[in-house]
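Structure, as structure tokens:
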Amino acid sequence: MSPEVRILLTKMGLMATAFMLVITPSVQASEVETLNQLNELINAKRYQEAYTLANQNIMAYGGEPKFDFLMGMASLKTKAYEDAVFAFERVVIIKPEWEQARIELARSYYYINNLAAAKNELLKLKKESTNTDFGVVITRFIEQVDKAIIDKKRSFKQIASFSTGFDSNINSGTALNEVYLPQLGTEIPLSQASKETKDTPFNISYQAQYQKALTQNSAIIGQLGLYHTDYANTPQFERTLADITVNYQDVLGSLTYQVGMFFRPMILDGHHYRNQYGALSNWTLPISAHWSTGGQVGFGSVDNRQNSALDLTDVYASISLKYRAGSWQHALMANHTDVSAVEPSSKHRSHQFFKFDYQTRYILTAKHQLMFDIQYQKFNYDVIDPSFGFVRDESFLRSTIGWRYIANDWMMWQLHYRYSDKNSKQNISTIQTDQSIYAYTRDELSIGITMQF
């Protein structure tokens, strides 16, 4: 609180106290003596003595507005802010018209960091008060509370995690040893890089988020993610991915929305493999105590640094519906993405992509959670793949089951099993065959630790 507001509030408080004591009708001598002694100690700035005296007499006079007001002032000056709140609350309950007591109550809320209660009390007082001097003080105080609310929303979070396990197909390769090429009328052997490869992965990641409030409802959110994966026996598949995102967040009624940009470079086997960048917007809207909905739209571009024939652009939209009741959480999500190849010679890579997700979480105890996810994807291609002479017809199914153990506020253990199955058929005129280099199955088992600090 600024020195000017603090001095003005103190002077007004002491003046109001003196006035109330002057007009106080005669009561028992002991109470009058106690009130006079408290008032003298506060005027003499002997706040610790006043606080001690007030506590000695609280059982006798607590609940009397004039005593509680003086006790509240002594508590404020000795930084016993919780006691000040209780004292001024007792005053306001009995004498809601006592404006000085109400502004001191707001100040007490401010000091215990209950900013919402402080602002609520000030707004009510500003609406009801007819005192011009109070109006100026209240306005300044509200501005100070608003600034404190904004500063409180500034945050910096960091998350680090490590996991390992087993992966039956680290490169999503085919189980086939050879594939049939209709334009050649023969089968050709596949390289080892195209075939499924088993290995032990080691994953390490770091995420950081900085949020700076602009107003009480809006903020700028910056996020950084670094993800690295290495393998015990196949270092050529080592990769590092970065995710840099900046979002503007605001609230419109009950709807919270974000608009922002992202940049995602990838390093594969020590080489700068590709860049992905774009813009996105998302929103969430609560429907009831249990239901909420959300959505996302955006566009992106993939710039492949090794082969420009792999450059892509995409436009996407998704919608979600979430339900939460007790220990259960459920989410349904649907996504549609239109993927287009940049170069005309790569038009066979253009496709429509559809994805459907169902996720559920069950909280067993405060420390144990179970998770189950199932995802279905569909890829619709229209142009013949020149390498294999067919139009790709693909679908993808993935299911995950997991367990979380929350050890404490900053550490969590996770265990996951994931199964993936991609079906890819070759559509050659009126003939269909399941022999495709794009088909595969994959089993992944991982155990890891996540720490937040």
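Bear in mind that the values in this text are calculations on the coordinates, not laboratory data. Just so you know, these numbers come straight off a predicted model, no measurement behind them. Cβ sites come from the backbone with ideal geometry, for glycine too, and all protein chains shown count toward neighbours.
A few comments on the model shown:
- Mean separation of Cα pairs under 8 Å and 6 or more residues apart, divided by the residue count, gives the chain a relative contact order of 9 percent.
- Rounded to the nearest 0.05, the FRET efficiency derived from the C-beta distance between Asn233 and Ile188 at R0 = 30 Å is 0.70.
- Over 30 Å apart at the Cα level, from the set Lys127/Lys322; Lys77/Lys119; Lys322/Lys378; Lys77/Lys157; Lys127/Lys147; Lys157/Lys322, are Lys127/Lys322; Lys77/Lys157.
- What the Cβ-Cβ distance of Ser327 and Ile159 gives, at R0 = 30 Å and to the nearest 0.05, is a FRET efficiency of 0.80.
- 20 Å binning of all Cα-Cα separations within the chain, expressed as whole percents from 0 upward: 17, 38, 23, 16, 6, 0
- Relative packing of peptides 266-279, 385-398 - highest average C-beta neighbours within 10 Å first: 385-398, 266-279
- Selection from Asn36, Thr240, Gln209 lying farthest towards where the dipole of the chain points positive, charges on Cβ: Asn36
- Helix-only CD estimate at 222 nm, as mean residue ellipticity for the chain, using -39500 (n - 2.57) per DSSP H run (n ≥ 4): -9000 deg cm²/dmol
- Extension gain (nm, one decimal) between Lys347 and Ile149, 0.36 nm per residue minus Cα-Cα: 66.0 nm
- Ratio of the Cα radius of gyration of the range 58-136 to 2.2 N^0.38 Å, where N counts its residues: 1.04
- DSSP-assigned coil residues among trypsin sites (Lys or Arg not before Pro) in the range 79-121, each with at most 14 further Cβ atoms within 10 Å: Lys79
- Cross-link pairs beyond the 32 Å C-alpha cut-off, checked among Lys212/Lys347; Lys45/Lys153; Lys153/Lys367: Lys212/Lys347; Lys45/Lys153
- Gain on full stretching of the segment that runs from Lys95 to Ala116 - 0.36 nm per residue minus C-alpha separation: 5.4 nm
- Sorted by Cβ density within 10 Å, fewest first, the residues Ile384, Ile42: Ile384, Ile42
- Cβ-Cβ distance of Lys79 and Thr360, R₀ of 60 Å, FRET efficiency by 1/(1 + (r/R0)^6): the value works out to about 0.80.
- Computed on the Cα trace of the range 312-451, the radius of gyration divided by the Kirkwood hydrodynamic radius gives Rg/Rh = 1.09.
- Helix 115-128 axis, angle to the chain major axis (alpha carbon atoms, nearest 10°): 50 degrees
- Residues of type aspartates and glutamates that Lys126 reaches as a straight line, Cα spacing below 17 Å, ignoring anything fewer than 8 places off in the same chain: Glu97, Glu99, Glu104, Glu143, Asp146
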